[in-house]
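What follows is a single structure, written as structure tokens, with notes after it.
Every number here is computed from the coordinates shown, using simple stated rules; none is lab data. None of these values were measured; they are calculated from a predicted model. Glycine also receives a Cβ, built like all others from the backbone with ideal geometry; neighbour counts cover every protein chain displayed.
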Amino acid sequence: MKHNAIRGALYGLLCLSAMTWLAGCENDEPASPPTDWSLMTEHEFGNNKSTPDLSVLYNGEEPYMRVAFRPWSEDGTKMEMVMMMGWNDFEKDYPIGVYLPRLILDPVQGVGTVTFEGEATEAGNYVRVQGQYEEATDYLNLSVVSELAIPELSDREYIFRFGSDCLELKQAPSRGDDYDFVQTMLQQMGERLGEAYDEMKFVFHNDYTYEWLIKPTGEADYRLLSASKFWPRVDMDQLLMFHLGGPDTDGNPAHSAEERIYEAFVGDVSALTYAPAFAAGNYFSASYGFDGDGRLALSLNPYSFTSLGWMAYELAKATHSMTDEQLADMKRFIELTNYSFFEGVYDTTKSDWVIVHSSDEARDI
């Protein structure tokens, strides 16, 4: 019995020694430290360059995107994420700047990887992200889901009618002769539009798509002007961006939409030869707001508005379709309501004059 106890004790000591030896062997190679997430702040990630370091899936699509990280100013243990994207080939080199909501994230540092997930709602955009950074390849894999978070624009349509009082002057730098002149010109413009068209319609969908249609006077059906993507700008208050597009016959839907728009509002597609494109990168923007009755008021971006005006002016002058007096009035109106130009930069969102067209009817679709 005594010998059995001794043997048991020796066996226990042997096992303990073996475990100690094995633990010592394991400690010969210390464990790799977790990846420092600050590596992600050293540069901007993108898939629109010759050596892409970003793979992204956005609502099932693969847009061009740029992603940047930086420490959050209020808590250095968290990181701030900013995303900007575009959809067409032109934006591979010159993205128009579709900003998504900023996210504040808690990075999870693993060995060789950093993972993160989070969600945010900003300026009418809801976004949820999941991502993983690979230290060895300095590569970012990203999944983004986004939805429109403006109930008034989610699967709703708005009818805009034309007539002498359809265009309203909501802001003006003065109340003198210029103010009266602009009011008169707006009345004449509304009357001329009313002679050609009964109404215009914007249809908004929850998946960031829209249709812009117009119904000629005496016709039962609408004609499509543009159908593509839209989004509320998160970096500018109450501003919608519209991408031009829709059915085409020449393989270039943006150009086809431009033609339809100029033909509708300028009167002749040949106006395209008299000025640059409708808006940089085939986009246009509009400030928006809703009144107490649920009406949508749109104010066209001053750059787009002025471009249309200049094209109509140049076309009228070339075709002699207006008298000298009418041309002079038109030129004065355009110059008064023109966008700002300061130190070589066009301010495409602000103007001393604000002209709006408010909807007459709205309904769910």
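Using C-alpha pairs under 8 Å with a sequence gap of at least 6, the mean separation divided by the residue count of the stretch 105-204 gives a relative contact order of 22 percent.
Size estimate for the stretch 121-184 follows the Kirkwood approach: the inverse of mean 1/r over distinct Cα pairs works out to 17.3 Å. Of the residues I104, I365, I334, the one with the fewest other Cβ atoms within 10 Å heads the list, and the complete ranking is I365, I104, I334. About the Cα centre of the stretch 37-148, how large is the charge dipole given +1 on each Lys and Arg Cβ and -1 on each Asp and Glu Cβ? Please answer in debye to the nearest 20. In debye, rounded to 20, the stretch 37-148 gives about 100. The label point for N252 and the one for T217, both projected 7 Å from the Cα toward the Cβ, are 3.3 nm apart. Note on the stretch 37-148: Kirkwood radius taken over Cα pairs, Stokes-Einstein applied at 37 °C and 0.692 mPa s, translational D equal to 230 µm² s⁻¹.
For the stretch 37-148, relative contact order (Cα pairs under 8 Å, six or more residues apart, normalised by length) works out to 22 percent. Applying the Kirkwood pairwise sum to the alpha-carbon positions of the stretch 143-270 produces a hydrodynamic radius of 16.7 angstrom. The slack between Q187 and E152, meaning 0.36 nm per residue of separation minus the straight C-alpha distance, is 9.7 nm. Note on A362 and L327: the model spin-label points, each 7 Å out from Cα along the C-beta direction, lie 4.3 nm apart.
Inter-label distance, T115 to K317: 6.4 nm, where each label sits 7 Å from its Cα along the C-beta direction.
Counting other C-beta atoms within 10 Å, and keeping those with at most 13, which DSSP coil GluC sites (Glu not before Pro) do you find in the stretch 156-236? Passing both the DSSP loop test and the Cβ count: E219.
Computed about its Cα centre, the charge dipole of the stretch 96-161 is approximately 280 debye, with only Lys, Arg, Asp and Glu carrying charge at their Cβ. Listed by Cβ neighbour count within 10 Å, with the fewest neighbours leading, K78, K49 appear as K49, K78.
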